[in-house]
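The values are calculated or read from the model by the stated rules, or taken from the named source; none is laboratory data. On a predicted model such as this, the values are computed, not experimentally measured, just so you know. No Cβ is skipped: glycine too gets one built from the backbone with ideal geometry, and neighbour counts run over all protein chains shown.
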Amino acid sequence: MPGFVSYAEYTAEGESVALVEFTTAEALSAWRNHPEHVEAQRIGRERLFSSYRVQVCSVEREYAFDGRVRTPTPEP
């Protein structure tokens, strides 16, 4: 999917969270509305999930540590 960056899923004590990253809000919207994804959402609601919650978030700050130097991302 154009604009897709990454996917990660974490589960603990019967709860799970999936983090899906896209380059832009427009790329996320295109994925959300893609016909195959719309069908997968329908099947998920009918067969898999009794409930779920979606949060769309923006990164305010990000930094990394490579074992030697903390590398801050410049503030916008």
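Quickly run through region 1-20 and pick out the residues that are free of Cβ contacts under 8 Å to residues at least 24 places away in the same chain and touching a Leu at 6+ places or on another chain (Cβ under 9 Å). Write out each step before concluding.
If we filter region 1-20 for residues that are free of Cβ contacts under 8 Å to residues at least 24 places away in the same chain, which is where we start, we get 5-20.
Within region 1-20, Ser6, Tyr7, Ala8, Glu9, Tyr10, Val20 qualify.
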The residue that is modelled with the highest pLDDT, considering only those in region 49-76 that are of a type in the set (Phe, Trp, Tyr) and over 15 Å from Leu19 (Cβ atoms), is Phe49
Among residues of region 1-37, those that are surrounded by fewer than 11 Cβ atoms within 10 Å (Cβ to Cβ) and among the aromatic types (Phe, Trp, Tyr), counted:
2
